[in-house]
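The values are calculated or read from the model by the stated rules, or taken from the named source; none is laboratory data. Fair warning: this is a prediction, and the values are worked out from it, not measured in the lab. For neighbour counting, all protein chains shown are included, and Cβ atoms are generated from backbone atoms with ideal geometry for every residue, glycine included. We work out accessible area using only protein heavy atoms, side chains counted, and drop any ligands, DNA or RNA first. Shrake-Rupley method; radii C 1.70, N 1.55, O 1.52, S 1.80 Å.
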Amino acid sequence: MDTLQEVLHAYSIRPFYIEKQTERLYMVQDYNQQYALKHSRLTEETIVMWEQVYKLAYEEYLFPILPVYLTKQGKLYEKKGELIYYVTPWKESRETELDQSTIDKIFQSFGLIHMKTKRRHLVEIQQFKQAFQQYKQHCLTLQQQLLTFVEEYEQHRFMSPFELLVCTQFKDVNYSLNETIRRIDQLLDEQEETWYYSLCHKNIKTSHTLVDQGQLYFINWENAGFDYPVFDLVAFFQEETKHYDTPTNMLLRGFDKYMNENELTKKELYLLVIQLLDPQAYLSCVKNHKQANTSMLKQIIHLQHTFRRILFGLHLSAHVEKTYDTIDLDDLDDLDDLDETD
């Protein structure tokens, strides 16, 4: 506790008591208010980007980023030896309930952050296309491997529960691979070299959000960086869609709220769907089945988690097709020009 006392002294906080909440989080009470003291995983290499998050939050009025207190020396953190600590306001509501209102707030909030921190990024078209052409071939290989496993399982007079589940799910997983290949082809047809980077949390999940008096905050920005904004969406969707009671329709409506804040281009939408339909985790689970050191039950749970993520990817792909993957007005003008030429 001496170290914690020294850290708090740097903030002029005189604690009445300190209560450990998790391995790295403490609730601190002084005679006026409560604070959250975080023993971070930040390093000398990552602290620069972490500080940049709060600089951007200040400059761009990014209210969903939970603020940190400054030390007496005006620093965002206090270092003790190799350990880095920081202090934020303590918000009593630590558990986020995934109702429609909260889901909408989550998507609106990081849509706002992505939009306000957007930066132009140019890609080399040929390298980009080559990478996705290789990924397409990889998906075709995985598709053949999956079929081989299913044919092998069907030769067994009595399938194991795991094998039976793979055969039951084969139709949907095979369809998802076809959908992935279709979306890759659409992405490869895009010739525009301009993409956009945004400030990304890189670990968005409900345990890193909290709601206080109607305001939603994102906490724990220790892994933050600039990247394609769809990767934040992918991380959140993958975390929240692995369970049997996934609120699919609420998440799709939440995604519409995100699009209202930060409208993704067609190629970004294609990349999002491709990432969500990624079959690698599912095929790895099938490939490692016989050599796995875990129980059959744990293997089935892992298989179900990866399968549910793929199913949600299919739902989102259909939603994108119906709602956003429409013909541009410029495309219609081009068609009119062709008609006049004819």
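When all alpha carbon pairs of the range 1-112 are counted in 10 Å bins from zero, the resulting P(r) reads 12, 40, 34, 13, 1 %. For the set Y31, Y85, Y17, Y324, the ranking by accessible area, highest first and with no ligand, DNA or RNA atoms included, is Y31, Y17, Y324, Y85 under a 1.4 Å probe. Please work out whether the range 84-209 counts as rounded, prolate or oblate from its C-alpha gyration tensor, where a ≥ b ≥ c are the square roots of the eigenvalues and a/c under 1.5 means rounded, while otherwise a/b larger than b/c means prolate and anything else oblate? Oblate shape, in that a/c is at least 1.5 and b/c is the bigger or equal ratio. Hull volume per residue, based on the alpha-carbon atoms of the range 156-238 and their convex hull, is 183 Å³. Ligands, DNA and RNA left out, the 1.4 Å accessible surface of the chain is 48% carbon and sulfur atoms. The alpha-carbon of K298 sits under 22 angstrom from the alpha-carbons of these lysines, leaving out residues fewer than 8 places away in its chain: K242, K287, K290. Karplus-based coupling profile of the range 31-48, in residue order and whole Hz: 7, 10, 7, 10, 10, 10, 9, 10, 8, 7, 9, 5, 10, 4, 7, 8, 5, 5, with θ = phi - 60° in 6.51 cos²θ - 1.76 cosθ + 1.60 and x standing for Gly or Pro.
Accessible surface area normalised per residue over the chain is 54 Å², counting heavy atoms of protein chains with a 1.4 Å rolling probe. Looking only at the range 243-269, which residues have a backbone nitrogen under 19 Å from a spot 7 Å from the Cα of A318 in the C-beta direction? In the range 243-269, the label zone of A318 (backbone N under 19 Å from the point 7 Å along Cα→Cβ) covers 243-256. The heavy atoms of W221 present about 10 square angstrom of accessible area, all protein chains included, probe 1.4 Å.
Reported value for the chain: 186 Å³ per residue, from the convex hull of its C-alpha atoms. Scalar couplings 3J(HN,Hα) for the range 229-246, obtained by applying the Karplus form with A = 6.51, B = -1.76, C = 1.60 to θ = phi - 60°, are x, 4, 5, 5, 4, 4, 4, 5, 4, 5, 5, 8, 10, 7, 9, 5, 9, 3 Hz; x denotes Gly and Pro. Ranking Q134, Q100, C285 by Cα position along the charge dipole of the chain, where only Lys, Arg, Asp and Glu carry charges on their C-beta atoms, puts C285 farthest toward the positive end.
222 nm [θ] for the chain, helices only, -39500 (n - 2.57) per DSSP H run of 4+, per residue, to 500? Mind showing how you got there, number by number?
On the way: 11 runs with 183 residues, N = 342.
Here the helix-only value at 222 nm equals -18000 deg cm²/dmol.
Protection proxy ranking of 149-155, 235-241, by the mean of other Cβ atoms within 10 Å over each peptide's residues and highest first, is 235-241, 149-155. If you bin all the Cα-Cα distances of the range 218-278 at 10 Å, starting from zero, the percentages per bin are 18, 52, 29, 1.
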